[in-house]
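Working notes for the structure below.
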Amino acid sequence: ESYLTRLKLTEPHLKSFLHVSDQVLNEAQSLDHQIERNENIGPLAGVLVGVKDNICTMDMPSTAGSKVLENYRPPFDATAVKRFKELGAIVVGKTNLDEFGMGSTTEASAFQVTANPWDVSRVPGGSSGGSAAAVSAGQCVVSLGSDTGGSVRQPASFCGVVGLKPTYGRVSRYGLMAYASSLDVIGCFGSSVADAGILLTAISGYDRLDATSSKREVPDYTSQFISTELLDSKPLKGLKIGLIRETLDNGVDIGIKSAVLGAVSHLEELGCTLSEVSLPSFSLGLPAYYILASSESSSNLSRYDGVRYGNQATADELNALYGDSRATGFGPEVKMRILMGTYGLSAGYYDAYYKRAQQVRTLIQKSFKTALDEYDILISPAAPSAAYKIGEKKNDPLAMYAGDIMTVNVNLAGLPALVLPCGFVEGGAAGLPVGLQMIGAAFDEEKLLRVGHIFE
Ligand code: GLN
């Protein structure tokens, strides 16, 4: 009840939800009845979870922030949702996002603009801005987002919460509406590293409904969360941390740089050894990402043809039905991505764009591998700036894309990364949060969570 009250009070200012469930109290009451009957309730009983609206939830709208899916109610739950529900957690509602996850501010939602709880004149980040704002404002306990190029980590940084992007394949993508299938992962938001880790434990693991999900055993990530009082004064002794040089170059706000350097000295106090490490192909990540993500999206989004789901235009001829349904259903950012992606994949341009971007992707994977053979964890800012004003970059897509520089490389390499608050810069009434990004080796979420927990 207290969460629902808080939601009601804050939602008119924030608009983080596209849909709020009317079943939350009923579901909580049925857990109470189970307790009265001495029945076992799951370990997450009663935990309220916000779910990004590009993740399918049974009997609830799932629109991906797009008019093309307005009123669509999937007949099934995404595997991640099904898993946390089985442990007793409750879906509180569906959170706002940039249409199909394409954007960095949540302004590209077809339905509403979400505000940043730290300063409502600013963006919450994106594309999972609704999920980040909801946790930040205490509208739910934890939330799910999706991260194709930073959509969990950058909004976590802008909203001052913890965001966890798992290794590609750690969490099933079944029921996540595809944006760029080789990059998409479902990730977790929490107000602490432990909360995000508990949610990860709940949703991870092999799923026969997603051929790219990994069969590796899922460790109990929660075993990392020992009381920090039990640790000695140098609990991270021996841990080697590499600070990615290219991420502190020009283009990063001075306040962000000093917050990250502050985090570096804190890590040193905890016993880590720190050195700078260079990833020479780092700056190539941005163009490669935007070519690959747009190419994959142009193919994935061809399923929205007005016949099978959602928005259907009236037309007396099949091609006109497809064309009109897509023309009226998709927003401008999505159309631009489909055009860019189709161009990049077309005969005559394929070698110059798509193929070349794939080669860059291999280079990036290799340079991360070399660095992570030497260092336990790599660190960087989560974004080059703190949250900016609503509208500031809306009409300048290149400036908005440039803000993804810190995060896209990690998706191209398929690695896990954790973002957690590490300080503030000036702005708003009380300062704006800054996020630190920690990048680990594939399937080494355990180490990220342990270090993150001790750090915070
Ligand atoms: N901002 C990036 C994009 O627009 C990343 C989005 C995401 O991770 N879904 O593609």
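Exactly one residue among SER233, SER191, SER181, SER223 is modelled with pLDDT of 95 or more and more than 17 Å from GLN437 (Cα to Cα), and that residue is SER181. Looking at segment 173-192, is at least one residue open to solvent by 30 Å² or more (accessible area, probe 1.4 Å), among the aromatic types (Phe, Trp, Tyr) and in contact with a Lys or Arg (Cβ under 6 Å, 6 or more places away or on another chain)? No, segment 173-192 contains no residue that is open to solvent by 30 Å² or more (accessible area, probe 1.4 Å), among the aromatic types (Phe, Trp, Tyr) and in contact with a Lys or Arg (Cβ under 6 Å, 6 or more places away or on another chain).
Looking only at residues in segment 158-183 that are aliphatic (A, V, I, L, M) and in a loop (DSSP other than H, G, I, E, B), the one that is farthest from the ligand (Cβ to nearest atom) is VAL161. If you go through segment 252-287 and pick out every residue that is within 13 Å of the ligand (Cβ to nearest atom) and surrounded by 23 or more Cβ atoms within 10 Å (Cβ to Cβ), you end up with 1.
Apart from one condition, ASP305 fits all of (1) more than 30 Å from ARG245 (Cα to Cα); (2) modelled with pLDDT of 95 or more; the exception is (2).
GLU27 satisfies every condition listed in (1) on the phi < 0 side of the Ramachandran plot; (2) surrounded by fewer than 17 Cβ atoms within 10 Å (Cβ to Cβ); (3) more than 23 Å from the chain's Cα centre (by Cα) except (2). For SER258, the conditions (1) at pLDDT 95 or above; (2) not in a helix (DSSP H, G or I) all hold with the exception of (2). Looking at LEU339, LEU318, LEU363, LEU301 in this structure, which one is within 16 Å of the ligand (Cβ to nearest atom), open to solvent by 40 Å² or more (accessible area, probe 1.4 Å) and out of contact with any strand residue (DSSP E or B) (no Cβ under 7 Å at 6 or more places or on another chain)? Every option except LEU339 fails the conditions. Does ALA134 satisfy the condition of being open to solvent by less than 10 Å² (accessible area, probe 1.4 Å), away from the ligand (no atom under 13 Å from the Cβ) and in contact with a His (Cβ under 8 Å, 6 or more places away or on another chain)? So ALA134 does not fit the description; no. In this structure, does ALA110 turn out to be on the phi < 0 side of the Ramachandran plot and either without any contact (Cβ under 8 Å) to a residue 12 or more places away in the chain or surrounded by fewer than 19 Cβ atoms within 10 Å (Cβ to Cβ) (or both)? In short, no.
The C-beta contact set for segment 75-86 (first residue of a type in the set (Phe, Trp, Tyr), second residue surrounded by 23 or more Cβ atoms within 10 Å (Cβ to Cβ) and not in a helix (DSSP H, G or I), distance under 8 angstrom, 6+ apart or interchain) comprises PHE76/CYS56; PHE76/GLY175; PHE84/VAL49.
Restricting attention to segment 366-420, the residues that are in a strand (DSSP E or B) and either open to solvent by 20 Å² or more (accessible area, probe 1.4 Å) or hydroxyl-bearing (Ser, Thr, Tyr) (or both) add up to 2.
The values are calculated or read from the model by the stated rules, or taken from the named source; none is laboratory data. None of these values were measured; they are calculated from a predicted model. Ideal geometry is used to build each Cβ from the backbone, glycine not excepted, and the neighbour counts take in all protein chains shown. Heavy atoms of the whole protein, side chains included, go into the accessibility calculation; ligands, DNA and RNA do not. Shrake-Rupley method; radii C 1.70, N 1.55, O 1.52, S 1.80 Å.
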